[in-house]
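The values are calculated or read from the model by the stated rules, or taken from the named source; none is laboratory data. Every value quoted in this text rests on a predicted model; they were computed, and no experiment measured them. Cβ placement follows ideal geometry from the backbone for every residue including glycine, while neighbour counts extend to all protein chains displayed.
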Amino acid sequence: MRILMVKGYSFNRDVPQYSYPLGLMYMASHLRSNQPGHEIEILDLRCHRHPYDLLQKQLQAWDPQIVAISALTCEAESLHRIAAMVRERNGETVIMVGGPHISACTNDVEEDLNIDVLILGEGESAFTELIRRISIGESISGIPGIAYQVDGKMEWGAPGELISDLDTIPFPAWDLVDIKKYAHLGRAGNVRRGRYLPIFTSRGCPYRCYYCHNLFGKKFRCRSAENVVEEIKQIVETFGITDIEIYDDIFNLDLDRAKSICNKLLELDLGLSLAFPNGVRADQLDRELVNLLARVGTTNLAIAVETASQELQKTIGKNLDLEHVRKAITWADEAGIVTNGYFMLGFPGETTEQIRQTIAYAETTDLFFASFFIVTPYPGTPLWDQTMSSVDSSSLDFSDYNYLSGYFNLADISGDELRLLQKEAYRRFYSNKRWKILKSIPRLRIDFRNAAWLWLGRMRDKAGFRAHNNEPQALDAGNSG
């Protein structure tokens, strides 16, 4: 069968970071491994200046029998537009959708009659079984992890089971993407440019932070150290790329495995440059692992602190040991690893004093960089259920929905004050760190376009919305409840 896999496009260009569509690439490789012979292409609309013109040409030239679309919440508008274009082009094409937005906000997509199938959660097994049945003309009823249209209504199957042995999943289908294109796009959490490839070494997170997704479940599942090292070795040998980014939720939850990966990479001496833009749990780091990460070539390490209020740490379900985090940041600094701290401002009920506590914590650590995001409730999270349960999601502009936009104000302060505190956080942090950063520029090989975005933030002044007492209101209206 001819299968076109499409990565959705966000109309909001304030986030200059686009990584590879790993979800689609894993699904493609899983399908190939189990059912060789299908023709598969991946079209990442984010990589093109005129994405929908290109999609139209691709549909016209290739006439795919199946179109599988993946989208984040900020790409929801694009998702519906892509489905409409495909349906208008050929009414017989089977349209499948999956990804974080579909799994978390099914009511946004189940009423779209252009969409035939929803793939929920981890998609490899469901996608492969769907293609098998469609290709032989068999009913798709009963496949776990999907929902499908029957006479204008969605029929829901049983929940899909998570893949327990991640070593059984083939490496991503790198041949289906243009690696050169991604070298010129901003990365997920790095201030460098150039050719790189990302990998996942684990899935799932046992912690229950109430603002976080549940796409891969709450059980930590990890690939073996041998399997991870083999993928990195293949990347170096096949593509000549030594710049690797690791996208796990928590790479270091199993300390022994993390250290084993490092030791095996040290034995191979591949000349790697590693970055962790997403997933280490800072209070699970020890000095030995930090030093091993430095020796194996780690240049960047993201530290997600969120808040320096121990009370809020409990409320949000993160429960970080903040003093251990401070030590881990210092260990990384001493080992020559650049750290980027992630902080969230504006939790429900958060006060000015608690926000200032977070700002003070950030500026008194040995962090190189810091990002201060406005808390955003995403569909499918406990935070959404707490703050947005009575809000009609169709009234929200998902195209403007991202961690930079400040679309909501959930705190116990006005929207104007929250904005001012966010700006104060950036000003205080970078006034304190400017000489540290400037002295390190030759070593960091910084791309200044991306660095400026990280350092200064993109804090727009236009009004957004907030949820309080179950009512969406203008951000600048303040919190009167």
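In table form, for the structure just shown:
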{"quantity": "Selection from the stretch 287-307 of residues that are touching a helix residue (DSSP H, G or I) at 6+ places or on another chain (Cβ under 7 Å) and closer than 24 Å to SER371 by Cα", "calculated": "VAL290, LEU293, LEU301, ILE303, VAL305, GLU306, THR307"}
{"quantity": "Selection from the stretch 81-122 of residues that are touching a residue at least 60 places away in the same chain (Cβ under 8 Å) and either in contact with a Leu (Cβ under 9 Å, 6 or more places away or on another chain) or assigned to a helix (DSSP H, G or I) (or both)", "calculated": "ILE82, GLY98, GLY99, PRO100, HIS101, SER103, ALA104, ASN107, ASP108, GLY121, GLU122"}
{"quantity": "Residue list for the stretch 130-149, restricted to those being surrounded by fewer than 16 Cβ atoms within 10 Å (Cβ to Cβ) and touching a Ser or Thr at 6+ places or on another chain (Cβ under 9 Å)", "calculated": "ARG133, PRO144"}
{"quantity": "Verdict on GLN422 being within 30 Å of HIS101 (Cβ to Cβ) and at pLDDT 90 or above", "calculated": "yes"}
{"quantity": "Leading residue by the ranking (nearest to ALA302 (Cα to Cα)) among those in the stretch 173-186 that are modelled with pLDDT of 95 or more and part of a helix (DSSP H, G or I)", "calculated": "TRP174"}
{"quantity": "Criterion violated by ILE179 - all others in (1) buried (at least 19 other Cβ atoms within 10 Å of the Cβ); (2) under 30 Å from LEU270 (Cα atoms) satisfied", "calculated": "(1)"}
{"quantity": "Any hit, the stretch 309-328, residues being within 15 Å of SER371 (Cβ to Cβ) and at pLDDT 95 or above", "calculated": "no"}
{"quantity": "Failed criterion for GLY189 (all others in (1) modelled with pLDDT of 95 or more; (2) closer than 26 Å to LEU255 by Cα hold)", "calculated": "(1)"}
{"quantity": "Residue satisfying all of: in the stretch 323-360; in a loop (DSSP other than H, G, I, E, B) and more than 15 Å from ALA282 (Cβ to Cβ); farthest from the chain's Cα centre (by Cα) among these", "calculated": "THR351"}
{"quantity": "Test: residue in the stretch 124-135 that is over 17 Å from PRO159 (Cβ atoms), free of Cβ contacts under 8 Å to residues at least 40 places away in the same chain and in a strand (DSSP E or B)", "calculated": "no"}
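Every residue, every condition in (1) more than 24 Å from SER19 (Cβ to Cβ); (2) surrounded by 14 or more Cβ atoms within 10 Å (Cβ to Cβ), yes or no:
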{"residue": "ASP53", "(1), (2)": "no, no"}
{"residue": "GLN56", "(1), (2)": "yes, yes"}
{"residue": "LEU72", "(1), (2)": "no, yes"}
{"residue": "GLY91", "(1), (2)": "yes, no"}
{"residue": "MET96", "(1), (2)": "no, yes"}
{"residue": "ASN107", "(1), (2)": "yes, no"}
{"residue": "GLU111", "(1), (2)": "yes, no"}
{"residue": "LEU118", "(1), (2)": "no, yes"}
{"residue": "THR128", "(1), (2)": "no, yes"}
